[in-house]
Structure formats: C-alpha cells, structure tokens
Amino acid sequence: MSEKTPHLPPSAPAPARVGRPRELAKRQAVLDAAFRLFLSEGVQGTSLDAVARAAGVSRVTLYSHFPDKAALFEATIRDEMDRLARTQVPLAEGVALRDGLVAFGRALMGYVTSPKIVSFYSVLAGELRRHPDLARQFYVLGPGETHRNLAAILARAAEHGEIAVPCPLTAAEHLIGLWQGMTSYKLALALDIEEIVAGLDERVEGAVTAFLAAYVPRGG
C-alpha cells in the first residue's frame, strides 16, 4: 500500500461520507490526527502508521477509508474547508445587511487567524505549491467558495436595493480585501497574531462601514 506524495487530478472525487456512526467517528479521528501531524511533521515526514497510532485505529481501518497518503491529504484539506464553509450561511430573513456582513467577516477572520490555520499556511502552503492540481482544489473549496458565498449575499442585497454593485464578485473581493488588509502579510509571517486577533471586531466593523459607504445606492 502506497504512501505516495499527494498529486491528484482536479476531478478526483472526495471519499464518500457514508457508514455507521462509529465508522464515521473513526474516519474523523483519522482526519483530525492526520491534520495535526501534517502541521507538526510535514506531509513527507508523516507516515500512515503514525496517523493510525495518533487516531487510535488500526492500519486496516485507516486504509479502508484512505488508500494512500495522497487521498488522506486531500481529505484533510476538504475537511478543513468544510469547517470554513459551515460558518458562511446565507443572510437570514430579517437580518440587516450590515449585521450579516459583520458576522460573516468575524467568522472568516476568526478562522484565518486561528492557530492551526496560521500554521497551515506556514507549513503546508509549500506542499500545495508543489502540486498545482491539489492547490487548485484547495483554492476552489476554500478561498474560492468563501468569495462566491459572500458575492451571493451581496447580489441578493443589490436585488433588494440595499447596495449598488455592478459586479457582486468584484464587490466581494473588495470587502475581503478591506477585512484582511496588511494582516495577510503578518499572518503569512506569523507576526503580531495576538494583536491582530484583539483588533478583529474593530477591523471587521470598520471595513463593513467603509464598504457600505462605497456601494451606497444612488440617492441612498
């Protein structure tokens, strides 16, 4: 059974999430253990035996879910992106646009400044760069999906006359840029993380205020 370095085609399907609750729990334990080890040891330095031990499962159980390290690495990326996606729900009926955008921004910035995601970019970004197909999947499932989710909220607000946005995708990119600003560089270098986290609410709210002022409807 191979532990080959991840290199998967863009169309590779995600492992099916079916089975009894106990099997699903074991699968999640493997994903959680693998992600921790990938961050601490790197992909090359992580063996499937070590993952099985850390997850408290047998090699047979691990291989029944993931045939090789490539499949396991892809699954950990998908699992993390699923966590991010669950924080990005559509704007609920009756929720003010400003409140919805602030909530979206807080969830996004809280996620990207969390310790494991800061570590992810410093440890595993290089692995993704060496494998463009997997890097593309990561972008589509993570940052790309975030971009589309936010654009959908803005498009609906524009339909209701709350804002004027000629292109919701462009507007969403502007707002994400306002939220992140120069922190992207600091996060990439793991600098001033505590200071960034402490100022997140102020940053997110200020960005939303500036964004809504820029996209106010004509005559609004």
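The values are calculated or read from the model by the stated rules, or taken from the named source; none is laboratory data. Keep in mind that this is a model prediction, so the values were computed, not measured. Every residue, glycine among them, receives a Cβ derived from its backbone with ideal geometry; neighbour counts consider all protein chains shown. Calculation scope for accessible area: heavy atoms of the full protein, side chains included, ligands and nucleic acids excluded. Shrake-Rupley method; radii C 1.70, N 1.55, O 1.52, S 1.80 Å.
With a 1.4 Å probe and all protein chains left in place, how much of the accessible area of segment 9-163 comes from carbon and sulfur atoms, in whole percent? Carbon with sulfur: 57 percent of the solvent-accessible area. Ranking Glu41, Glu194 by solvent-accessible area of protein heavy atoms (1.4 Å probe, all protein chains present), from largest to smallest, gives Glu194, Glu41. Along segment 20-31 the Karplus relation, 6.51 cos²θ - 1.76 cosθ + 1.60 evaluated at θ = phi - 60°, assigns HN-Hα couplings of 6, x, 5, 5, 5, 5, 5, 4, 5, 4, 5, 4 Hz to successive residues, with x for each Gly and Pro. Rounded to the nearest 20, the size of the Cβ-charge dipole of the chain about its Cα centre is 640 debye, with Lys and Arg at +1 and Asp and Glu at -1.
Ligands, DNA and RNA aside, Tyr185 has an accessible area near 150 Å² when probed at 1.4 Å. Computed over protein heavy atoms with a 1.4 Å probe, the accessible surface of segment 6-146 works out to 48 Å² per residue. Each part reduced to its alpha carbon centroid, segment 144-214 and segment 82-99 end up 13 Å apart. Considering only alpha-carbon pairs that sit under 8 angstrom and 6 or more positions apart, the relative contact order computed for the chain is 23 percent.
Since only Ala52, Ala151, Leu37 are under comparison, the one whose Cα sits farthest along the positive direction of the charge dipole of the chain, derived from C-beta charges on Lys, Arg, Asp and Glu, is Ala52.
Work from the charge dipole of the chain (Cβ charges, +1 for Lys and Arg, -1 for Asp and Glu, about the Cα centre) and give the residue of Val216, His131, Pro21 farthest towards its positive end. Towards the positive end, the residue furthest out is Pro21.
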